[in-house]
Amino acid sequence: MDATYNLNGGFKPTAKRIADLDGPDFYPTPRWATYALIDNEKFSGDIWECACGDGAMSKVLQETGNTVLSSDLYNRGYGEIGKDFLEQNRITENIITNPPYNSAEGFVHSGLKKAKSKFAFLLRLAFLEGSNRSNTIFSCSPPARVWVFSERITFYPKGAKVSGSGTTAYAWFVWDKNHAGPTELAWLKPGYKAKYS
Ligand SMILES: C[S@@+](CC[C@H](N)C(=O)[O-])C[C@H]1O[C@@H](n2cnc3c(N)ncnc32)[C@H](O)[C@@H]1O
């Protein structure tokens, strides 16, 4: 069971989540999913990967020429450890992460305060739903763009055998302080999984 993305505060079963073998909410992001963001969104200046896990996302951000600061609340063997993103006073130009599912809303509120230019979070597409999020996020601080994945991402705990395809739809949600106007909806073209896995 998983309290993620519930609409009413209750628990909601998920279909394809595999038990977290190494602490709460540690699911490294497949490389191709980060490449898909960098291929479509420009980031100028430093990037903070503020829930970096084992660096799966940070490494792709560095490979693509970015200066990356990495931190995590837990020790996953990468970056600064013991750093609760929700409690940090650090301000950076950009923030990119796949946040822990049960704190996604708090991460968005923190991103609004801690990113000077842009922040991008990999979230379930269903994050768009929900009256609470409508009131506290989408009506007052909507993202600039939502990039919907055409290909399904499957998250596995580190070391688990990778096979098959996920059953949950994901998207990159991008908040951009320089964006004016309504949220743009766009689709990530198929092909990233084959090219960057
Ligand atoms: C879904 S994993 C994603 C890891 C990494 N961002 C990636 O994409 O590969 C979420 C990460 O958030 C970390 N985490 C959980 N709560 C946190 C918090 N309050 N502040 C910072 N990191 C946190 C977990 O330790 C875990 O590594």
Residue that is touching a strand residue (DSSP E or B) at 6+ places or on another chain (Cβ under 8 Å), away from the ligand (no atom under 12 Å from the Cβ) and under 30 Å from Ser131 (Cα atoms), where the choices are Ala36, Ala104, Ala51: Ala36
task: Looking at (1) under 19 Å from Ile91 (Cα atoms); (2) within 9 Å of the ligand (Cβ to nearest atom); (3) not polar (S, T, N, Q), find the lone condition where Gly45 falls short.
output: (2)
query: Are any residues in region 115-124 surrounded by fewer than 19 Cβ atoms within 10 Å (Cβ to Cβ) and within 16 Å of the ligand (Cβ to nearest atom), and if so, which ones?
result: Arg124
- prompt: When the residues of region 127-160 are filtered to those that are within 16 Å of the ligand (Cβ to nearest atom) and small (Gly, Ala, Ser), which remaining residue is surrounded by the fewest Cβ atoms within 10 Å (Cβ to Cβ)?
  reply: Gly159
query: Which one is nearest to Ala33 (Cα to Cα), of the residues in region 54-79 that are acidic (Asp, Glu) and within 10 Å of the ligand (Cβ to nearest atom)?
result: Asp54
Members of region 66-85 that are farther than 9 Å from Cys52 by Cβ, under 16 Å from the mean Cα position of the chain (by Cα) and of a type in the set (D, E, K, R): Asp84
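The numbers here are math on the coordinates, done by the rules we state, and not lab data. The structure presented is a predicted model; accordingly, all values stated were derived computationally and were not measured. All Cβ positions, even for glycine, are placed from backbone atoms using ideal geometry, and neighbour counts span all protein chains on display.
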